[in-house]
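Notes to accompany the following structure.
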Amino acid sequence: MYKKIILLISFIFICGCSSKKQNNVGTIIEENENYIIGINYPITNTKIDTDIKEEVNKYYDSFKNKYSEKKTNKPELNIDYEFNYINNYINVALYIYINATEKEQYVKTFVYDLKQKKILSIDDITDDTDIIDYYIEINDMGQKEYSFILDNNSLTIFVQNENSFKGIDISVEDLDLKINLTSNKETKKANATLPEKVIDPNSKMVALTFDDGPSQYTEKIIEILKENDCNATFFVLGNKVSIYSDILIKSLNYGNELGNHSYNHKWLIKLNDEEILDQINKTQELIKEYTGYTPKLIRPTYGSLNDTIRNITDLDIVLWNVDTLDWKYKSSSRIVKNATKNLKDGNIILMHDTHKQTLEALPKIIQIIKEQGYECVTVSEMKEAQFIREKLNG
Ligand code: ZN
């Protein structure tokens with residue numbers, strides 16, 4: 001009997017460990033006449049979430065305080081992250097980027113042991129700190145103090161110097177590690193199966209579009225769309241693709257379209273050619289790798305467009321003609337009103353699948369769209385229908 005109880009307990013314990021809770025990504029995107037803010041950070045469902053959020057809030061609050069008045073050059077705050085889960089270890093790096101009068105870059109890392117429930121220091125990882133010191137010295141990184149994260153292959157060391165940081169990767173084979181990094185994580189890469197659809201090109205159409213996701217709300221949004229025989233277009237961020245690959249595949253299987261919305265929501269018009277291409281291509285590759293699908297559309301961040309972006313990509317650039325301002329208003333009835341007050345054939349409606357109020361507003365928006373006799377289709381379906389109509393009429 002005693003043995004049975006022990007077995008039962010260990011069974012529950014093992015199950016509790018392996019059935020990992022869905023990790024999420026928190027998103028804050030704000031734009032006004034004074035500044036631009038694009039923040040993404042991981043939500044790990046562990047106690048480091050408080051530390052991560054505190055760090056994010058620290059930069060968010062101080063940036064907003066500092067730039068509360070209009071400047072000729074709109075300042076930008078961008079926070080991106082790296083996140084991985086190896087065995088019992090969560091590794092998070094937050095990359096803080098401020099582009100104001102000068103460029104500032106900071107990094108903050110967390111390595112968390114889920115079993116011991118503690119944040120690990122370098123001494124918990126390895127005794128080979130002399131090797132790390134050696135790498136720091138030969139790479140001329142400025143100082144001796146560093147932070148770090150791990151992945152399957154390397155230990156990444158960051159040295160912060162005033163307004164910028166340097167990072168180097170040290171192969172884990174060069175170090176005697178005290179922890180086991182052999183990953184047991186199943187890869188969630190699979191190919192979506194796009195459904196065949198028949199759409200009457202002469203029907204009245206609107207295209208619902210969702211930016212900045214996926215997020216914890218996306219799955220519910222695609223279920224609501226499916227229940228109502230609707231499809232939409234999701235302009236996704238590359239840095240969220242691996243975390244939400246299951247939902248992206250499901251979304252494609254339901255007949256929705258995926259578009260590119262950059263890798264980490266940097267303000268594209270402020271980047272050089274190489275950086276813009278990196279933002280676009282990395283996202284294309286990740287979507288292709290995790291879902292088998294290659295996006296044909298791009299929506300530039302903050303809807304900001306210039307000739308460089310027009311010329312640099314072959315993807316179709318898609319903006320919008322109806323803005324719900326769902327990021328600004330917490331009231332779902334206001335979002336419903338903004339989305340539907342003046343419905344016209346060819347409307348492309350801007351929303352964000354990163355807000356609860358958007359999810360709450362969606363059923364009513366769809367109801368009104370349907371009542372007024374519109375189909376909700378993807379952007380590419382709408383473009384194709386418009387093309388066919390032009391051909392028939394011209
Ligand atoms: Zn956006």
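Any read-out appearing in this document is the output of simple, stated calculations on the displayed coordinates, not a laboratory observation. Predicted model, so just to flag it, every value in this text is computed and none were measured. Ideal geometry is used to build each Cβ from the backbone, glycine not excepted, and the neighbour counts take in all protein chains shown.
Report the far tail of the P(r) of segment 34-79, meaning the percent of Cα-Cα pairs longer than 12 Å.
The proportion of pairs with Cα distances above 12 Å equals 63 percent.
Would you work out which of A385, T129, I168 lies farthest towards the positive end of the dipole of the chain, given +1 charges on the beta-carbon of Lys and Arg and -1 on that of Asp and Glu, about the Cα centre?
The residue sitting most towards the positive pole is A385.
Can you find, among L177, I349, I37, the residue farthest towards the positive end of the dipole of the chain? Put +1 on the C-beta of Lys and Arg, -1 on that of Asp and Glu.
Looking along the dipole axis, the top candidate is I349.
Taking 1 over the mean of 1/r across every pair of different Cα atoms in segment 63-195, what Kirkwood radius in Å do you get?
When all Cα pairs of segment 63-195 are included, the Kirkwood radius is 17.1 Å.
When the distances between all Cα atoms of segment 107-260 are binned every 5 Å from zero, what whole-number percent does each bin get?
Whole-percent P(r) values from 0 Å outward: 2, 7, 13, 14, 11, 10, 10, 10, 8, 6, 5, 3, 1, 1, 0.
Volume per residue, Å³, of the convex hull around the alpha-carbon atoms of segment 37-115?
73
What is the percent of Cα-Cα separations in segment 121-161 that go past 14 Å?
I get 45 percent for the Cα pairs in segment 121-161 exceeding 14 Å.
Exceeding 22 Å between C-alpha atoms, which entries from my cross-link table qualify? They are K53/K118; K240/K337; K74/K103; K220/K296; K220/K330.
Cα-Cα > 22 Å for K240/K337; K220/K296; rest within.
Taking every eigenvalue of the Cα gyration tensor of segment 313-361, multiplying by 5 and rooting it, what semi-axes result, largest first, whole Å?
Square roots of five times the eigenvalues give 21, 14, 7 Å.
Taking loop as defined by DSSP and a crowding limit of 15 other beta carbons within 10 Å, which GluC sites (Glu not before Pro) in segment 48-91 fit?
E69
Alpha carbons only, please: Rg and Dmax for segment 233-369, in angstrom.
15.5, 44
Working only with C-alpha atoms, what are the Rg and Dmax values of segment 341-386, expressed in angstrom?
Spelled out, the Cα radius of gyration and Dmax of segment 341-386 are 11.5, 33 Å.
Could you estimate the translational diffusion coefficient of the chain from the Stokes-Einstein equation, with Rh from the Kirkwood formula over C-alpha pairs, at 25 °C and 0.890 mPa s, in whole µm²/s?
Stokes-Einstein gives a translational diffusion coefficient of 106 µm²/s.
Given 20 °C and 1.002 mPa s, how large is the Stokes-Einstein diffusion coefficient of segment 207-314 in µm²/s, with Rh as the Kirkwood radius over Cα pairs?
Using the Kirkwood radius from Cα pairs, D works out to 154 µm²/s.
Could you tell me the center-to-center distance, by alpha carbons, between segment 248-287 and segment 352-372 in angstrom?
Between the Cα centre of segment 248-287 and that of segment 352-372, the gap is 24 Å.
Using the Kyte-Doolittle scale, find the helices of the chain whose mean hydropathy is at least 0.0 and whose Cα atoms extend 18 Å or more along the helix's long axis, counting only whole DSSP H runs.
2-18
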